[in-house]
Amino acid sequence: MLRGKSSRSHGPTNVQEAGGYYAASGFEQPQPSLYAHQALTSTRNQTHAYSSSSTSIQDPSFLGLLYTVYYAAAVSIMDSPHPPALGENVSAFDLVASFRHEVATRVLSLNENTSRYESISIIQAILLALMAEPKAFELHFKWLHLGAAIRTAQGLGLHRDGSQFDLRPVDIEVRRRVWAQLCVLDVRYAEQLGREPTITSYSYDTALPLSIDDTDLTEIQEQHAAAGHGRPSRFKAHQEIEQAQARHSPFSPMTLLMVEAEFARLFAHLLTVPYRARDSIFNTGVTTSQSSRKSHGSSERASRDQAVEKIEYRLQTFYGLNHRESTNPMQLFVFEIVDFHLARARFVVNMLDWKENYSLMSPIRRQSETMLLFNEAIAISSRCLQFIQQFSSSPYGWFTKRIRDVHSSAFVSLILASGYQVNTELANNAWTVLDQLFPIDTRTGTLLQKGLSKTFFGKVLCKARLRRDIFRGQAMQTAAGAAHHPYSAAMTVHTTTPLPTTVGANVSFPTSGNLFEDFDALMQDPLWSPGLASMENPYGPWEQPWNP
């Protein structure tokens, strides 16, 4: 564990426990009078890019970041299970609304003046605003603004590691932290929208941040400045710490971000397809024979399996997360995060393999493999729900309430929407989880999460719910008719509800033998109510049928 401020007053007795960042293992911390020596106080008073003395209160980027911090603080108060008293006539909801307006105006407004405020501060403000309140903005809105943040970051060179440009330690680490969070949100939003990540593994060389807290980073920066003026250093240099952490990363408040970024890299690798235009001059050596495609599919599966194994090994050895005897709540929380993401990764690998081989399976194996994957998807979705509920009243509730696994939930919804033959008890278990993970606004009948209904996953989920509601309505009508008319079972039941042609009490979905072709037909089914927004064309206005 890294040292807190209290350890500095007495000097470390154990270098490893103290973080091991002192220049000499036997160094004793100087007394307060010595610590306040002119050589040290002068470095503390030096102006740098992140000190308030060098940042004008009129700087638009700084003001945007400041209001975003206020906004995030107000949201945390509103979401806290034990919110503090704010005083008379002060409402957290009013504060959130007020600061949200300022953030929307100063940070999230894309106009001709946006390029004038390009800075790391405005990128930090965008990231904080998008993470502070997940239900405040639509997913497409988040995707667009994250894209703007990514382009701004690339324009500022954050995709290149700062150690190559002789930057100060604080600059290097802030750039790495910001880029890591951009990668995390890029993958998260891409998953939710059913798209591929914007950032690819070959488009940057920025390393992950060091596992050091802000207090140690400040100390490193001050010693760096002191060394530049020929003063002796009592703290290890940034380069020395980086070399030490190349072998092992100690646990710190930064570990959660580092682990999230590691999994973002993994999922970006799994979900990114290396497309090639058929008329490209760089397609030399690419074969398209069936045998080569089959061989390529097998190698792809092996490559994906190997990627998951590599990340698991790295987490165990580099981060030391295989030793789980800790009682530190933060470490236990990170352990849960790691296990959940590993389960997600294995499911994605299995799902991609199922998709690639579906058309080659026999009907019996197809049913068996699909049900195995369906069970696995329900288990992951259930684990996600349990994880959210477990930490809902903890200090980490702000983080866990954002966690969803769209891959498993989308697969469950797809199977339920397609009319696949599923055990009733299993289907009920699936709906119990889905209804809690993705609740419906009882006033509007739409999903509570803004913009989710417009996504591919949201449409599939709505399709599945409509199918369920129709079957429930039929069952209720049948039960009511049987109760009042003993012989009504042999009679035709007429209803004013426009039932889809593929739905009936004893009629299953007419399969073509390919679940993906079935899904295309399913999306054109009359079950899509014309009263539901964005469902007239499930694939969007840019994919209208082409009539030559």
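The values are calculated or read from the model by the stated rules, or taken from the named source; none is laboratory data. Every value quoted in this text rests on a predicted model; they were computed, and no experiment measured them. Quick reminder, even Gly has a Cβ in these numbers, built from the backbone with ideal geometry, and neighbours come from all protein chains shown. With ligands, DNA and RNA removed, areas are computed over all heavy atoms of the protein, side chains included. Shrake-Rupley method; radii C 1.70, N 1.55, O 1.52, S 1.80 Å.
Work out the FRET efficiency for E300 and V90 from their Cβ-Cβ distance, taking R0 = 56 Å, and round it to the nearest 0.05. The computed FRET efficiency comes out at 0.50.
Here the peptides 122-130, 392-400 are ranked by packing, the mean other Cβ count within 10 Å, and the order with the highest first is 122-130, 392-400. For the cross-link pairs K355/K450; K236/K310; K142/K401; K401/K463; K142/K454, which exceed 23 Å when the distance is taken from alpha carbon to alpha carbon? The pairs that break the limit, which is 23 Å between Cα atoms, are K355/K450; K236/K310; K401/K463.
Taking all protein chains in place and a 1.4 Å probe, what share, in percent, of the accessible surface of the stretch 60-203 do carbon and sulfur account for? Looking at the stretch 60-203 in its full context, I get 55 percent from C and S.
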